[in-house]
Structures are given as C-alpha cells and as structure tokens.
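The values are calculated or read from the model by the stated rules, or taken from the named source; none is laboratory data. Predicted model, so just to flag it, every value in this text is computed and none were measured. For neighbour counting, all protein chains shown are included, and Cβ atoms are generated from backbone atoms with ideal geometry for every residue, glycine included. Accessible surface areas use protein heavy atoms only, side chains included; no ligands, DNA or RNA. Shrake-Rupley method; radii C 1.70, N 1.55, O 1.52, S 1.80 Å.
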Amino acid sequence: MPPPDFSPSAEQNKHPILDKLLAVLPAQGAALEVASGTGQHAAWFARHLPGWTWQPSDQQPQGFASIQHHVTQAGVSNVQTPLVLDVCAATWLPVDPTTRELPCFDLIFCANMLHIASWEACAGLMRGAARHLAPQGRLITYGPYFEKAVPTTQSNLDFDASLRQRNPAWGVRWCEDVALEAAKAGLQLQQRHPMPANNLLLVWQRVPG
Ligand SMILES: C[S@@+](CC[C@H](N)C(=O)[O-])C[C@H]1O[C@@H](n2cnc3c(N)ncnc32)[C@H](O)[C@@H]1O
C-alpha cells in the first residue's frame, strides 16, 4: 500500500473552512465533493457534519486509497466510496435507475481546483453543478482569486506566476470571470467570505426564477 497523501495546506485550511460550512449549511444534506485530492477535507468535514453524507470524487483515481485512509482514520461512516469525476466530462453521474433522475446534492464543494486546472474546468464545474444541485443547493468554491475591486497581494501574484510556470493553462482566476461562467450555467454568487492566507470561500446558488 502506498503511504496516504498528505497536504499541509489542507490540514491548515480544513479548520477555517469547516467554521464557514457550519455557519452556511443546514444541519443535514447530501454533499458531492469534486477534486477531493488527499481526502483530508472529506474526512474532516464528514466527521464534523454528521447530518451530512459526503461523496468524494476526483479526476485522478490514484488518490482514492489516500481518501479511504483518511476516512478510516476519522472513523466516520457518512462518506461514500470515491468516484472518478472529471468536471469537464459531459456526464458527471448517470441517471439513478430507481428515480430515473440525475443524482442531486444540497452541496457541491470544490476546493483549490480552479487554479490548478485548465480554464475549461471552470465552465465544466459550473455546468455540472447546475445539473446536479438541488433547487436550493449551494456550490461552494474555495481558493485564491483575483478581484477587480480588491487590491491583489504579492503572495497571490507570486503564486499565480509559479502556477503558470508549472503549467501555462493554470493560474489564479479572476472572481469576475468565474462569475461569468457561473451565470452562463444559471448560477450566481450569493456569499463571499474572506479566508486566511488571501483565499476566498464563495457560495454560488441558482439564479431565482
Ligand atoms: C490542489 S488539489 C486540491 C485537493 C483538495 N481539494 C484540497 O483542497 O486539498 C487539485 C485537485 O484537483 C483535481 N482536478 C484537476 N482537474 C480536475 C478536473 N478536471 N476534474 C476533477 N478534478 C480535477 C486534481 O486531481 C487534484 O486532486
């Protein structure tokens, strides 16, 4: 068995993210996490949101053993088996044969993916979220963003440069550009929460009507 993956930043940011999830979310629901990575977030949030079921997923199944490890360590039973899910895929999840409807979720959670994926992943995330969110469901994205009305920090500029050096298709995204992709899918920004280390937690919901 390979050792479980461990992200020091996920270990740090899971605390302030959980505080926001507890403040924003109802006591129970069904969550789909996209880009689960190591599984530290899935294990922590499922443990502290016991009224929720948590469905982890990632484009890369190589990390699934790590997700299972962190979930087992947390001793939780409300996390489902991880699914392969590429946000750019036309189909995220098949129609449920019992209900004959697409699975829908009260929360779709995506941390730290938009800047470490090509720009088309943003459109893919918004389209898929619009298909799979319950009517009052929330898409929550977390990570670094540039914003037109907020002066950028040097650390975010440096991070953006380092990302683009690693892969020219990557980079810190402008919140306004993400909002345009959200609008095309019928979603809009409902809440903006500044987070430690110049990150934002953004809550997106369906445009009413
Ligand atoms: C920096 S990691 C973030 C992991 C975790 N969410 C966290 O915050 O620690 C980025 C993750 O995005 C995933 N990813 C990249 N492109 C993706 C795509 N098109 N669809 C789904 N996941 C993707 C990668 O496999 C990786 O696990």
* Asked: What do you reckon, is residue 24 among the hydrophobic types (A, V, I, L, M, F, W, C) and free of Cβ contacts under 8 Å to residues at least 24 places away in the same chain?
  -> no
* To do: For residue 44, state whether it is more than 18 Å from residue 103 (Cα to Cα), among the aromatic types (Phe, Trp, Tyr) and in contact (Cβ under 8 Å) with a residue 12 or more places away in the chain.
  => yes
* Asked: Within the stretch 119-138, how many residues turn out to be closer than 12 Å to residue 204 by Cβ and more than 14 Å from the ligand (Cβ to nearest atom)?
  -> 4
* To do: Report whether or not residue 141 is within 22 Å of residue 200 (Cβ to Cβ), out of contact with any Gly (no Cβ under 9 Å at 6 or more places or on another chain) and of a type in the set (Val, Ile, Thr).
  => yes
* **Conditions (1) near the ligand (Cβ under 10 Å from one of its atoms); (2) more than 17 Å from the chain's Cα centre (by Cα); (3) surrounded by 20 or more Cβ atoms within 10 Å (Cβ to Cβ): number failed by residue 70** => (1)
* Kindly provide the set of residues from the stretch 54-106 that are farther than 25 Å from residue 205 by Cβ and among the hydroxyl-bearing types (Ser, Thr, Tyr), ordered by number. => 66, 72, 77, 81, 98
* Which of the residues belonging to the stretch 4-61 are open to solvent by 60 Å² or more (accessible area, probe 1.4 Å), within 13 Å of the ligand (Cβ to nearest atom) and part of a loop (DSSP other than H, G, I, E, B)? -> 5, 6, 59, 60
* Which ones in the stretch 118-131 are touching a residue at least 60 places away in the same chain (Cβ under 8 Å) and open to solvent by 10 Å² or more (accessible area, probe 1.4 Å)? -> 123, 130
* To do: Determine whether residue 92 is within 13 Å of the ligand (Cβ to nearest atom) and open to solvent by 20 Å² or more (accessible area, probe 1.4 Å).
  => no
* Being closer than 30 Å to residue 94 by Cβ and more than 13 Å from the ligand (Cβ to nearest atom) narrows it down to one of 180, 157, 200, so name that one. => 180
